[in-house]
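All remarks here apply to the structure that follows.
The values are calculated or read from the model by the stated rules, or taken from the named source; none is laboratory data. These numbers were taken from a predicted model, which means no experiment stands behind them. Note that each Cβ is placed from the backbone with ideal geometry, even for glycine, and that neighbours are counted across all protein chains shown. Protein only, heavy atoms only, side chains kept; ligands, DNA and RNA dropped before computing areas. Shrake-Rupley method; radii C 1.70, N 1.55, O 1.52, S 1.80 Å.
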Amino acid sequence: MKNLILLSLVFGYIFCACSGNQPKQTIHFKPLVSSAFNFSADSSFAIPKGKIAEERKRSHDSCMGESFAGNAVFLKTKDTFRLGTIVNMKTMKEVKEVKDFNMIMNQPNIFGNAVTFITKPCYDKMQLNISPDSFVNEKIILSIPGAAESINHELNNAFNTAIYTEMEAGSWLNIELTDAFGKILDTTTDPQLLEYKKYLLDTTNMVLIKSSSITDVNFTLTTAKPLSNQLLQALKQKPVAEIANSKLRTQLFFISNNSFQVKFSGIFQVMGQFMQCELN
């Protein structure tokens, strides 16, 4: 009798194993440390060390009330990545993105689950202990259209040698893909998504799961010496200044005879968190 029971259990196990009732593997996203991918291919994405990283973190955390576990930085006018973009870890180049991401997110009862937003208004001024161009990861050379070369030279000298700098941000915005996005890919029959999924599961790739951006950044700079009357008159016109070798534009404002404001309007991607995808 015991042998009959044992034999029944063995056959039962074999039948279950062969009948395809094994648990189905599902997509999961696992965090990566910065050392997992090759920043030497493009060092501009590497997390900076020292004061630059500290000041960005302080600005974010003081506004949002929580930390952001970023493993790559952006803040560039090009080569930034949209959420869900798949990137090769060795080349740091884009491999694949969801071509019609909005179509997926607009499905009923999907958007709120697959993507989360956290944003908080800041509008609190904080002393910045690094230069503005270090904060935005780009050399800033300002030019007031139509102004004399001497005025633009003085403007940039004042911008780069300020003895005190305050920064004010409109808000920080964090956006993140959740496990619900993986569930969409687990069940999809859409050819584009299946193609995307193939690249996602390639172990040489990673995907941007979380992104943090900042809006409307203002820098108020104080100089050791009073500005010239010519520059002060130009600042009082609230000019829109150009930035050399950049698509960015900024507006300048007069504050006092030895201080002025540089205002960047828009939304700027600052940092992101890449993860790897696996089936289990």
Inset, instruction - With all protein chains present, calculate the accessible area of Thr91 using a 1.4 Å probe and round the result to the nearest 10 Å². - result: 70 Å²
Legend entry - Pairwise FRET efficiency - Lys24 versus Glu54, Cβ, R0 = 45 Å, nearest 0.05: 0.50
Inset, instruction - Please work out how much length the chain gains when fully extended from Asp61 to Thr178, using 0.36 nm per residue of separation minus the C-alpha to C-alpha distance, in nm with one decimal. - result: 40.0 nm
Legend entry - Under the Karplus curve 6.51 cos²θ - 1.76 cosθ + 1.60, θ = phi - 60°, whole-Hz ³J(HN,Hα) for segment 147-157, x wherever Gly or Pro sits: 7, 5, 4, 5, 5, 5, 5, 5, 4, 5, 5
Legend entry - Reachable lysines, given that their alpha-carbon falls under 29 Å from the alpha-carbon of Lys225 and they are not under 8 places away in the same chain: Lys51, Lys125, Lys139, Lys236, Lys238, Lys263
Legend entry - Label-point gap, in nm, between Asn156 and Thr203 - each point 7 angstrom along Cα→Cβ: 5.0 nm
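Checking the a/c ratio against 1.5 first, then a/b against b/c, what shape does the Cα gyration tensor give for segment 169-220?
Prolate.
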Legend entry - Listed residues His60, His28 arranged by accessible area, highest first, probe 1.4 Å: His28, His60
Legend entry - Ordering of 219-225, 61-67 by packing [mean C-beta count within 10 Å, highest first]: 219-225, 61-67
Inset, instruction - Treating cross-link reach as a plain straight distance, find the aspartates and glutamates whose alpha-carbon is under 16 Å from the alpha-carbon of Lys93, omitting any fewer than eight places away in the same chain. - result: Asp42, Asp79, Asp202
Inset, instruction - Compare the peptides 29-36, 256-263, 209-216, 241-248 by average per-residue count of other Cβ atoms within 10 angstrom and give them in order, highest first. - result: 209-216, 256-263, 241-248, 29-36
Inset, instruction - At 1.4 Å probe size, with no ligands or nucleic acids counted, give the accessible surface of Lys96 in Å², nearest ten. - result: 40 Å²
Legend entry - Net charge of Cβ neighbours under 12 Å - reference Ala36; Lys, Arg +1; Asp, Glu -1: +2
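What are the equivalent ellipsoid semi-axes of segment 157-270, built from the alpha-carbon gyration tensor (square roots of five times its eigenvalues), in whole angstrom, biggest first?
47, 13, 12
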Legend entry - Spin-label proximity, Ala148 to segment 209-247 - amide N less than 11 Å from point 7 Å beyond Cα toward beta carbon: 229-231
Inset, instruction - List every residue whose amide H lies under 5 Å from the amide H of Ala46, counting only residues 5 or more places away in sequence or on a different chain, with H placed 1.01 Å from N in the peptide plane. - result: Val73
Legend entry - FRET E, pair Ala41, Asn129, Förster distance 30 Å, beta-carbon r, rounded to 0.05: 0.50
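Report the charge-dipole magnitude of segment 173-259 in Debye, nearest 20, computed about the Cα centre from +1 at each Lys and Arg Cβ and -1 at each Asp and Glu Cβ.
Numbers: 9 positive and 8 negative charges, 127 e Å.
Approximately 600 debye in magnitude.
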